[in-house]
Each structure stands twice: as C-alpha cells, then as structure tokens.
C-alpha cells in the first residue's frame, strides 16, 4: 500500500469516527434531554432537529463516509493483501451494516 492508500484509509477512518461520534452524542444525551421536556416541546424540538440536520455538511459526512467505505472494501477485495484487506473489508462492512440498514427504532 502506498502513501495515497494510507491517506485515504486514514481519512475514511476519521470520517467513520466523526459520524459515530454524532450518533453517540445523539443517543447518549440529546435523546435524554428531549425526553425530559414536556411532550409537546420535545416533539417540536425533535422535528426541528429533523429539519436542521438535512444540510450539506451532515449529509456529506453521513453518505460520503458510506460511499468511501464501500469503495474501500471493493478496492481492498480487488487488491487483496491478506489480513490488511480483510480488516479493511470488515471495518467497511461494519460501518455500512450499522449505519445504513434503515430505520430500526434505534
């Protein structure tokens, strides 16, 4: 693997960490804060979040990371290098299967 590959792997890993951090923050304290509010206010706040979150920065981070993981997995499979490729494919699938499987109520 060359320097460019390592930079792309690192960038994809950092993007995965950022998206994971957003989901962690949302589930660990944003949702808790919303449940402490009166139902009408909590619903209004959640609806506001749903509108505000649809922006180029978040959508690029969320879906761009998914695309990068998919591309990384395909490239690793095509340029098989043993355990390194296995780890890249496993990490990519982990991100893709967890974050893009649809609304499961979590």
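Since every read-out is calculated from the coordinates, none of them should be taken as a lab result. Remember, it's a predicted structure, so these values are computed and weren't measured experimentally. Cβ atoms come from the backbone with ideal geometry, glycine included; neighbour counts cover every protein chain shown.
Summary of values
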| item | result |
| --- | --- |
| Correct option for P(r) over Cα pairs in 10 Å bins from 0, in percent [calculated from the coordinates] among [x] 13, 24, 21, 17, 12, 8, 6, 1; [y] 13, 39, 27, 14, 7, 1; [z] 14, 46, 30, 9, 2, 0 | [y] |
| Backbone N within the stretch 35-61 under 19 Å of label point (7 Å from residue 18 Cα along the Cβ vector) | 52-61 |
| Calculated FRET efficiency for the pair residue 30/residue 97, C-beta based, R₀ 22 Å, to 0.05 | 0.40 |
| Peptides 22-31, 46-55, 66-75 ordered by average Cβ neighbours within 10 Å, highest first | 66-75, 22-31, 46-55 |
| Interatomic Cα distance distribution for the stretch 14-75, bins of 10 angstrom, percent | 20, 40, 27, 11, 2 |
| In nm, spacing of pseudo-spin labels at residue 51 and residue 77 (7 Å Cα→C-beta vector) | 4.2 |
| Helix axis angle, 3-25 relative to the chain longest principal axis, alpha carbon, degrees | 20 |
| With 10 Å bins from 0: P(r) over the stretch 1-48, alpha-carbon pairs, percent | 24, 30, 20, 15, 10, 2 |
| FRET efficiency, 1/(1 + (r/R0)^6) with R0 30 Å, evaluated for residue 84 and residue 61 via beta carbons | 0.75 |
| Using a Förster distance of 35 Å, the FRET efficiency for residue 37-residue 11 (Cβ separation, nearest 0.05) | 0.40 |
